[in-house]
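Okay, so here's the structure we're looking at.
The values are calculated or read from the model by the stated rules, or taken from the named source; none is laboratory data. Quantities reported herein were computed from a predicted structural model and do not represent experimental measurements. FYI the Cβ positions are ideal-geometry reconstructions off the backbone, even for glycines, and counts take in every protein chain you see.
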Amino acid sequence: MNKSEDKNSCVHIYGPVPSRRLGFSLGIDIIPFKTCTLDCIYCQLGPTTRKTIRRKEYFSSEEILAQIKMKLASGQRIDYITFSGSGEPTLNTSIGKLIKEIKKITAIPVAVLTNSTLLSRKSVRNALLSADFVVPSLDGVTQEVFVHINRPHPSLKAEEIIEGLKKFRQEFHGSMLLEIMLVKGINDSPVHIQKLKKVISDIKPKRIQLNTVIRPPAEKFACSLSLMELKKINKILGEKAEIIAKFDKKEQIPPSKNLEEAIFFMIKRRPVTLSDISASLGKHKDEIIKYTNFLLEERKIKCVTHKGLKYYEPT
């Protein structure tokens, strides 16, 4: 077995971290790094290293649950327990079991962020039915746009994903939001937006959340829309649509016992700014800088500039 898939060697939880839509979210990562059904041009984690549609139990469910229980016992504020992380969570065949087991030990609602690609499978839809909150994404409603923006596994078809979303919406009794990542010149044309509007009306999500490229993307040509452009599309898609606002809660969460380790763990997950780290760990920026400078000197991380903001990411 590949070391990265040693079922008992990985840390599977991160946070709680501030989330724009979920408050303080305890992240659950049940997939090896960059194992996904897609290779999106805008992905903040960089190019997918293992593109697959094969589902399996990548890690021990018992170990994941043990880590969750330990975090819950810490008493930190947690608004949601969220399956997301560094790959597509529905690739793990244990996700349904994990959701049910979590709900036995806590009243904290469970959320799942998914790229929707496996919702055409009844087994995957059934696995998510016990969740409280599901946010599937849909960036391209024609095969051409889907391939351009998401670079999917060759077996995946946009129309099958859309049908899976429709079925899941009918079967799921929790709250379902649909996220759309808009990339300039790729999926924001008037023709595609009108097709998207029609598909959304068939899916019937509770709300539609519009996003664009903010953090450094996998491909430099993946560019963001302006706020004015987002507002125009928001108006076309109707009253259910909203532009995702930046997280602005000021409440702090207790820092990790090992601050350097906590900072490095955050940076490994996704590109983050100094402000992101400070807000998440509840520490002053001056203190965070001491550790980021050390990590830079050790060449464990690097600093990149994207749209005038400095982001830290792993080397």
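Does at least one position in the range 263-284 carry a residue that is hydrophobic (A, V, I, L, M, F, W, C), at pLDDT 85 or above, surrounded by 14 or more Cβ atoms within 10 Å (Cβ to Cβ) and assigned to a strand (DSSP E or B)? Yes, because at least one residue in the range 263-284 is hydrophobic (A, V, I, L, M, F, W, C), at pLDDT 85 or above, surrounded by 14 or more Cβ atoms within 10 Å (Cβ to Cβ) and assigned to a strand (DSSP E or B). For the range 28-46, a residue qualifies if it is surrounded by fewer than 22 Cβ atoms within 10 Å (Cβ to Cβ) and touching a strand residue (DSSP E or B) at 6+ places or on another chain (Cβ under 6 Å), and the qualifying residues are THR35, ASP39.
Filtering THR52, THR90, THR82 for residues that are of a type in the set (S, T, N, Q), in contact with a strand residue (DSSP E or B) (Cβ under 7 Å, 6 or more places away or on another chain) and over 15 Å from SER116 (Cα atoms) leaves a single hit, THR82. GLY15 falls short on exactly one of the conditions (1) buried (at least 16 other Cβ atoms within 10 Å of the Cβ); (2) at positive phi; (3) out of contact with any Asp or Glu (no Cβ under 8 Å at 6 or more places or on another chain); (4) part of a loop (DSSP other than H, G, I, E, B), and that condition is (4). Residue selection: GLU144 fails the criterion of being within 29 Å of PRO190 (Cβ to Cβ), touching a residue at least 12 places away in the same chain (Cβ under 8 Å) and either surrounded by fewer than 23 Cβ atoms within 10 Å (Cβ to Cβ) or under 18 Å from the mean Cα position of the chain (by Cα) (or both).
Among the residues of the range 155-167, those identified as assigned to a helix (DSSP H, G or I) and within 17 Å of ARG125 (Cβ to Cβ) are GLU159, GLU160, ILE161, ILE162, GLU163, GLY164, LEU165, LYS166, LYS167. Quick check: anything in the range 193-207 part of a strand (DSSP E or B) and on the phi < 0 side of the Ramachandran plot? Within the range 193-207, one or more residues are part of a strand (DSSP E or B) and on the phi < 0 side of the Ramachandran plot. Counting only helices (runs of 4 or more DSSP H) that fall entirely inside the range 50-139 and contain at least 1 residues that are touching a helix residue (DSSP H, G or I) at 6+ places or on another chain (Cβ under 9 Å) and within 28 Å of ILE208 (Cβ to Cβ), the qualifying elements are 95-105, 122-128.
Listed conditions (1) part of a loop (DSSP other than H, G, I, E, B); (2) closer than 19 Å to GLN209 by Cα are all met by PRO152, apart from (2). Condition (residue is modelled with pLDDT under 90, within 25 Å of ILE186 (Cβ to Cβ) and surrounded by fewer than 22 Cβ atoms within 10 Å (Cβ to Cβ)) applied to the range 67-82: is it met by at least one residue? Looking for residues that are modelled with pLDDT under 90, within 25 Å of ILE186 (Cβ to Cβ) and surrounded by fewer than 22 Cβ atoms within 10 Å (Cβ to Cβ), one finds none in the range 67-82, hence no. Screening the range 274-294 for residues that are touching a residue at least 12 places away in the same chain (Cβ under 8 Å) and more than 25 Å from the chain's Cα centre (by Cα) and picking the one that is farthest from ILE78 (Cα to Cα) gives PHE294.
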